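J.: I have a structure here, written as structure tokens, and I will follow up with some questions on it.
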Amino acid sequence: MVDVLLGLQWGDEGKGKIVDYFAPNYDIVARFQGGPNAGHTLYVEGKKMVLHQIPSGIFHQNKVNIIGGGVVLDPVTLKRECDAVAAFGIDVRKNLFISARTNIIVPTHRALDKASELSKGESKIGSTLKGIGPAYMDKTGRNALRVGDLLDKRFTTQYIKLRLKHQKLLDNFHFIEDISAWEEEFFEALEFLKTLNVINCEYYINDQIKAGKKVLAEGAQGSMLDIDFGTFPFVTSSNTISAGVCTGLGVSPKLINEVFGVTKAYCTRVGGGPFPTELHDSVGEEIRKIGSEFGATTGRPRRCGWIDLVALKYACMINGVTQVVMTKADVLDAFEELQVCTAYGIDGATTKEVPFQMSNIQIDPVLQSFKGWNMDTTQLKLASELPATMNTYVDFINNYIGAPVTYVSNGPGREQIVKI
Ligand code: GDP
Ligand code: IMO
Ligand code: MG
């Protein structure tokens, strides 16, 4: 069976920490989409680690970690990350497998990402500049190079062809940066990539499942950044929702069991695009400060706001969420009053549905107030210890979204989590 763990908001919900916490219950942890735009933070032996390409189960020695075919892979980032995990005694040649179908991010993808963003000016997406959009465009445009192509003697010819195509596009953008240093690093990293375990993921994973092994599929980004169902065009370029697990790993929908959705107790977004509950005042600043809301990949300040139940319920619906993990509840410890968004006001009417496009309309959130718990919750271990005010807040959310919150995370540490 395959359980899924993914983000329900605009990313950075704390997926890395929760995957690391759940990993002991599984045999395999597999990333199914996204690429180095992801930044998943976890603490190992008290040290902060941010993973971009490697699944968050990597620090559990006896677990297999898979980079699935739905992922776009930057070999340079991967190499750097493998070196970083090696410092913890992890041998990626033993517990990291990469699908032959995984698409490779080449240096010109990064250049194209940058050139495209520059050309958009004010209306830029605010991408992570990691080459994600251009790499997925080459996948759907049927031009991409894949990890399995690496050992083919035609690889270099194919690379040169792709680079030429990209150069024409870059010329159109008048992009003149010298990327030769990136290319040098890239070719070095490809040699390293050749030494890792490349598998036919779809056969491997289905064989393992048949043999009774348990898989945890780890999502990157969040449901509101999904290419089809997110706040288009301010989204990423992959299917971040549970449906992406099937295409990203090669497993049938029938094999999907639990879908764990991760949400913060409030809401953040990094980059451009609509964010109905965004706070532009000192409360937003306070949340950013207490929650250390700065991007794990780009360091950009994250935009902060109240939890948006309209979007959250929508995300639960399209993912088939069976359990919700609420993270960063402790960040709200200091607030006397909390708000939650229960509807959107659009053009004088209210709706509880996420509109098909949110970029060119004014959305006024309808907010309901709750009393804050106003106490330090970071040391609590048991559901029975949670303050009544927090239970009221969580119960309201459960009822609204129609999925149960089964875990509350109350700090960044592995052990800071309360099972409800
Ligand atoms: P991800 O991309 O979903 O894995 O999330 P990020 O790692 O980008 O961002 C989540 C941040 O919140 C990281 O710095 C985590 O260490 C931190 N974090 C995770 N869970 C909690 C929590 O319950 N409380 C607090 N205070 N921090 C948390
Ligand atoms: P994790 O896995 C938060 C955002 C970018 C930008 C948009 C498109 O850590 O939750 P892209 O580089 O994908 O073309 O950028 O998506 N974005 C993320 N925001 N967390 C992420 O990943 C993100 N990955 C991309 O900021 O708005
Ligand atoms: Mg992140």
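The values are calculated or read from the model by the stated rules, or taken from the named source; none is laboratory data. Just so you know, these numbers come straight off a predicted model, no measurement behind them. Counting neighbours? That spans all protein chains shown, and the Cβs are built from the backbone with ideal geometry, glycine included. Note: areas computed on protein heavy atoms with side chains; ligands, DNA, RNA excluded. Shrake-Rupley method; radii C 1.70, N 1.55, O 1.52, S 1.80 Å.
J.: Report the full-extension gain for the segment Ala87 to Leu255: residue separation times 0.36 nm, less the Cα-Cα distance, to one decimal in nm.
T.: 56.9 nm
J.: Further question on the same structure: Listed highest first by mean packing, meaning other Cβ atoms within 10 Å per residue, what order do 112-118, 8-14, 178-184, 249-255 come in? Before the final figure, lay out the partial values.
T.: On the way: 112-118: 19.4, 8-14: 27.6, 178-184: 12.4, 249-255: 16.6.
Going from most to least packed, we get 8-14, 112-118, 249-255, 178-184.
J.: Explain nothing, just the number: relative contact order of segment 263-419, from Cα pairs under 8 Å at least 6 residues apart, as a whole percent. Let's see the in-between values first.
T.: Values: 280 pairs, mean separation 39.3, N = 157.
Contact order relative to length: 25 percent.
J.: For Cα pairs less than 8 Å apart in space and 6+ apart in sequence, what is the mean separation divided by the residue count of segment 371-420, i.e. the relative contact order in percent?
T.: It comes to 40 percent, rounded to a whole number.
J.: Tell me, how many Å apart are the Cα centres for segment 122-136 and for segment 291-322?
T.: For segment 122-136 versus segment 291-322, the Cα centre distance is 19 Å.
J.: In terms of solvent-accessible area of protein heavy atoms at a 1.4 angstrom probe, what is the ranking of Asp226, Asp207, highest value first?
T.: Order by accessible area, largest first: Asp207, Asp226.
J.: By a straight-distance test (C-alpha under 21 Å), which lysines pair with Lys254 as possible cross-link partners, with residues fewer than eight away in the same chain excluded?
T.: The reachable lysines, counting only those whose Cα sits under 21 Å from Lys254, are Lys210, Lys213, Lys214.
J.: Right, another one. To test your reading of the geometry: what angle, between 0 and 90 degrees and rounded to tens, separates the Cα axis of helix 155-172 from the longest principal axis of the chain?
T.: Approximately 60 degrees, to the nearest ten.
J.: Something else about it: Taking R0 as 30 Å, what's the FRET efficiency between Glu286 and Asn399 from their Cβ-Cβ distance, rounded to 0.05?
T.: 0.65
J.: For the chain, modelled as a Gaussian network with Cα springs under 10 Å, which listed residue fluctuates most, Lys210, Lys313, Lys264?
T.: Among Lys210, Lys313, Lys264, the largest mean-square fluctuation in the Gaussian network model of the chain belongs to Lys210.
J.: For Lys381, tell me the accessible area in Å² from a 1.4 Å probe, rounded to the nearest 10.
T.: 110 Å²
J.: Here's something else I'd like to know. Which value, in Å² and to the nearest 10, is the accessible area of Tyr159 when all protein chains are kept and the probe is 1.4 Å?
T.: About 10 Å², rounded to the nearest 10.
J.: At a threshold of 8 angstrom on Cα-Cα distance, excluding pairs fewer than six apart, so keeping six or more, what relative contact order does the chain reach in percent?
T.: On the way: 930 pairs, mean separation 84.4, N = 420.
This gives 20 percent for the chain.
J.: Then there is this: Using only Cα atoms and rounding to the nearest 10 degrees, what angle (0 to 90) does helix 309-319 make with the longest principal axis of the chain?
T.: 50 degrees
J.: At a Förster radius of 30 Å, what calculated FRET efficiency corresponds to the Cβ-Cβ distance of Glu188 and His60, to the nearest 0.05?
T.: Values: r = 29 Å, r/R0 = 0.97.
Here the calculated transfer efficiency is 0.55.
J.: Under 20 Å between C-alpha atoms is the cut-off here; go through segment 27-180 and count lysine pairs that meet it, provided they're at least eight residues apart or on different chains.
T.: The result is 20.
J.: I'd like the accessible area for Leu193: 1.4 Å probe, protein heavy atoms, all chains in place, Å² to the nearest 10.
T.: For Leu193, the solvent-accessible surface is approximately 0 Å².
J.: Which angle from 0 to 90°, rounded to the nearest 10, does the C-alpha axis of helix 180-193 make with the longest principal axis of the chain?
T.: 90 degrees
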